[in-house]
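Novice: Structure incoming, see below.
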Amino acid sequence: MSTNGNLLDVRELRTYFDTVDGVVKAVDGVSFQLRRGETLGIVGESGSGKSVTNLSLLRLIPEPPGRIVSGEVIFQGRDILKLPEAEVRKIRGKRVGMIFQDPMTSLNPFMRISRQLMEITQLHLGHSKRQAYDHAVKMLEMVGIPDARVRIDRYPHEFSGGMRQRVMIAMALSCQPELLIADEPSTALDVTIQAQILELIKTLKEVTGTSVILITHDLGVVAGMTDQLIVMYAGKVFEQAPTTELFARPGNPYTRGLLRSVPDPLDQKGTLYQIPGQPPDVAHLPAGCPFAPRCERAEDICRREFPPFVQLNANHHSLCHFANEVYAESSQTSAA
Amino acid sequence: MPPLSPRDGDIIHIAPELAVGEADVRSSEQGERVKGTSLGRDAWRRLLRNKLAVFGLIVVSIITILSILGPYILQVITGQTPDYIPSDAALIKSFPPFTAPDGSFSWRHPMGTDRQGRDLLALTLQGGQISLMVGIIATLVSLVIGVSYGAISGYLGGRVDSLMMRIVDVLYAIPYLILVIVLLSMFKSQTARGQVILLFVALGTVSWLTMARIVRGQVLSLKNQEFVLAARATGVTTPRIIFRHIVPNTLGPVIVYATLTIPSVMLTEAFLSFLGFGVQPPMASWGSLAAEGIQNIGIFPWQLICPGLTMATTLLSLNFLGDGLRDALDPQMRQV
């Protein structure tokens with residue numbers, strides 16, 4: 001059923017948005033693989049195409065203005081982009097669960113928690129009301145909500161942000177999906193709750209054996225949780241590597257900039273590094289490398305030509321004219 | 001091998017320190033102590049604080065109850081049906097309020113009698129049945145058509161939305177009274193009952209336009225909320241998303257507009273009946289009673305004043321109630 005152990009194989013995915021301002025290439029030729037049981041992190045600044053990539057996987061892009069121009073999303077051997085809508089609907093929620101950024105708005109304020117949790121299992125697993133209710137209680141207990149049997153009949157506004165995110169996780173995992181997509185699951189929560197939610201996702205991943213795609217702009221979050229990492233910029237994959245490798249030996253100036261931007265509590269001087277400039281307007285990208293205007297080591301070729309996707313070793317790739325040089329430099333510093 | 005199942009009767013215990021954080025516990029304890037107020041209860045409290053709205057609510061309730069039960073109560077007291085015409089050939093058949101046939105004070109006819117000597121109070125109450133029924137049923141018709149139409153149009157968006165809304169615009173451009181008059185005279189029914197049903201349909205079909213626009217506007221802003229995306233991501237079908245997830249969220253404005261539609265439909269009905277297009281004898285509504293009354297306004301003014309005042313009081317109360325509901329259900333609107 002699966003192709004060479006890969007649960008998900010995304011190839012050359014392109015999602016464009018038609019706007020008054022021109023065609024916005026939100027996702028432009030993204031490819032990655034996710035193996036069963038692995039966690040893939042996708043990091044990048046706001047507007048780099050992280051969320052659009054993941055919405056495209058389940059064809060949740062609003063059309064119009066969005067459209068998936070080309071690419072393949074092969075999930076368990078089937079190309080989701082070519083399946084009829086009814087088939088995709090059977091995958092959504094059942095085989096792939098999603099958690100969203102803002103737990104405050106991702107639950108329907110007019111529906112009791114129980115009904116929202118029951119809906120998904122009644123739909124996909126054909127549960128009766130009784131079964132669905134019991135299952136919903138069990139799921140709430142699993143995500144660590146106390147007195148689940150009492151609380152399940154409450155409305156979302158009676159829950160705190162962290163509890164709502166727990167409910168979202170319970171909902172996403174109700175049908176035991178093979179893949180869980182978490183789109184910045186901890187961004188809207190305060191730091192202590194953040195840690196709990198991430199820890200919960202990690203534990204549940206181990207317990208249920210599902211694969212996870214974790215989207216975030218917080219490098220600290222991905223460091224402890226992911227096996228593979230993708231760095232996105234302007235709708236493109238800039239660097240792709242196993243997490244430890246990427247942190248130790250980044251092969252792309254952008255990744256290096258990102259890593260340097262992480263606050264270091266031991267730094268006495270207290271000045272925080274930041275990458276100069278703003279993320280580009282993806283509707284009007286320059287001819288060369290999209291990162292060139294902000295790049296420390298940009299040369300003429302960067303502004304002229306689009307960079308190649310250089311393979312640095314077996315599973316480390318970087319989109320840069322000087323990938324090998326940057327990689328060599330990082331190897332030296334990490335060795336030193 | 002299938003992933004480990006949380007389903008088969010066993011509860012998965014996660015490390016207790018993960019189950020619920022301190023902050024979560026605190027907020028959940030508060031949830032126990034402070035009984036959460038539902039939106040409905042909250043709105044109800046705000047409504048009761050509004051004196052005019054309470055006045056409106058009381059008057060509308062009294063008039064509704066009297067209209068439904070009044071004719072039967074009077075029948076028990078006087079032993080006469082509302083259409084009882086006294087057989088004694090008195091010279092003046094219409095008596096002023098609180099006047100006996102001999103000119104002395106009497107409780108017999110608190111509103112006087114009509115041209116043929118029928119008790120005007122009984123007739124007015126019976127007319128109220130028809131008037132209120134026309135108002136409520138036509139509003140319900142407009143509610144069903146308007147809400148579905150507006151919700152579908154708003155949710156589907158794009159070309160479908162443009163087309164559906166242009167249809168509404170075209171219908172808006174037709175003077176609706178003329179449309180109703182044409183409908184009523186084209187399908188003129190032989191029976192009085194048929195005429196009333198025709199009136200329901202005619203008024204309902206023209207009064208849904210504004211409702212459709214209101215609901216569409218609400219849906220446009222709701223459909224981009226994350227809970228709709230979350231519902232789509234769990235594989236819920238489009239009709240279910242529209243009617244189970246989105247429509248309940250539009251209820252506030254819909255209820256308000258519906259309460260304000262009732263008096264406006266009743267007024268239209270009265271106007272049509274007054275012109276002779278609406279309710280036909282032997283059935284009576286406030287409009288047709290007023291139409292009869294106006295023929296002898298010089299001699300028997302109470303024949304116009306009594307049903308007219310009753311109607312005016314009812315409409316005014318309904319408007320107060322509607323305004324109060326708007327303030328109660330949409331507190332933000334009030335501050336503007």
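Taken together, the values in this text are just the output of simple stated rules run on the coordinates, not laboratory data. Everything quoted here is computed from the prediction, not taken from an experiment. Cβ coordinates were reconstructed from backbone atoms using ideal geometry, including for glycine residues, and neighbour counts include every protein chain displayed.
Novice: Could you check region A:168-266 for helices (runs of 4 or more DSSP H) lying wholly inside it with 1 or more residues that are of a type in the set (V, I, T) and more than 11 Å from chain B (Cβ to nearest Cβ)?
Specialist: Numbers: elements: A:191-208, A:219-225, A:243-248, A:253-260.
Qualifying helices (runs of 4 or more DSSP H): A:219-225, A:243-248, A:253-260.
Novice: Right, something else. Among what's in region A:109-122 and is at the interface with chain B (Cβ under 9 Å from one of its Cβ atoms) and buried (at least 22 other Cβ atoms within 10 Å of the Cβ), pick the residue that is nearest to A:F159 (Cα to Cα).
Specialist: A:Q116
Novice: Give region B:150-193 a look and list any residue that's among the charged types (D, E, K, R) and away from chain A (no Cβ under 14 Å), or say none.
Specialist: As a first pass, look at region B:150-193 and keep what is among the charged types (D, E, K, R): B:159, B:161, B:166, B:169, B:188, B:193.
Within region B:150-193, B:R166, B:D169, B:K188, B:R193 qualify.
Novice: Do we have A:V20 as surrounded by 21 or more Cβ atoms within 10 Å (Cβ to Cβ) and either touching a residue at least 40 places away in the same chain (Cβ under 8 Å) or over 15 Å from the mean Cα position of the chain (by Cα) (or both) here?
Specialist: On the way: surrounded by 21 or more Cβ atoms within 10 Å (Cβ to Cβ): no; either touching a residue at least 40 places away in the same chain (Cβ under 8 Å) or over 15 Å from the mean Cα position of the chain (by Cα) (or both): yes.
When the stated conditions are applied, A:V20 does not pass them.
Novice: So is A:I42 assigned to a strand (DSSP E or B), touching a Leu at 6+ places or on another chain (Cβ under 8 Å) and of a type outside the set (D, E) or not? Give the derivation first.
Specialist: Details: assigned to a strand (DSSP E or B): yes; touching a Leu at 6+ places or on another chain (Cβ under 8 Å): yes; of a type outside the set (D, E): yes.
The answer is yes for A:I42.
Novice: If you don't mind, there's one more thing I want to ask. Give, as residue ranges, the helices (runs of 4 or more DSSP H) completely inside region B:223-308 that count at least 1 residues that are within 14 Å of chain A (Cβ to nearest Cβ) and among the aliphatic types (A, V, I, L, M). Give the derivation first.
Specialist: Numbers: elements: B:226-233, B:251-275, B:286-295.
Passing ranges, in order: B:226-233, B:251-275.
Novice: Out of the residues in region A:205-229 that are hydrophobic (A, V, I, L, M, F, W, C) and over 12 Å from A:T39 (Cβ atoms), which is surrounded by the fewest Cβ atoms within 10 Å (Cβ to Cβ)? Steps first, answer last, please.
Specialist: Let us first name the residues in region A:205-229 that are hydrophobic (A, V, I, L, M, F, W, C), namely A:207, A:212-215, A:219, A:221-223, A:225, A:229.
With the extra rule that they be over 12 Å from A:T39 (Cβ atoms), the set shrinks to A:207, A:219.
Values: A:V207: 17, A:L219: 19.
Restricting to residues being hydrophobic (A, V, I, L, M, F, W, C) and over 12 Å from A:T39 (Cβ atoms), the top hit is A:V207.
Novice: On to the next question. List the number of the failed condition for A:V143; all other conditions in (1) more than 8 Å from chain B (Cβ to nearest Cβ); (2) buried (at least 24 other Cβ atoms within 10 Å of the Cβ); (3) under 28 Å from B:T238 (Cα atoms) hold.
Specialist: (3)
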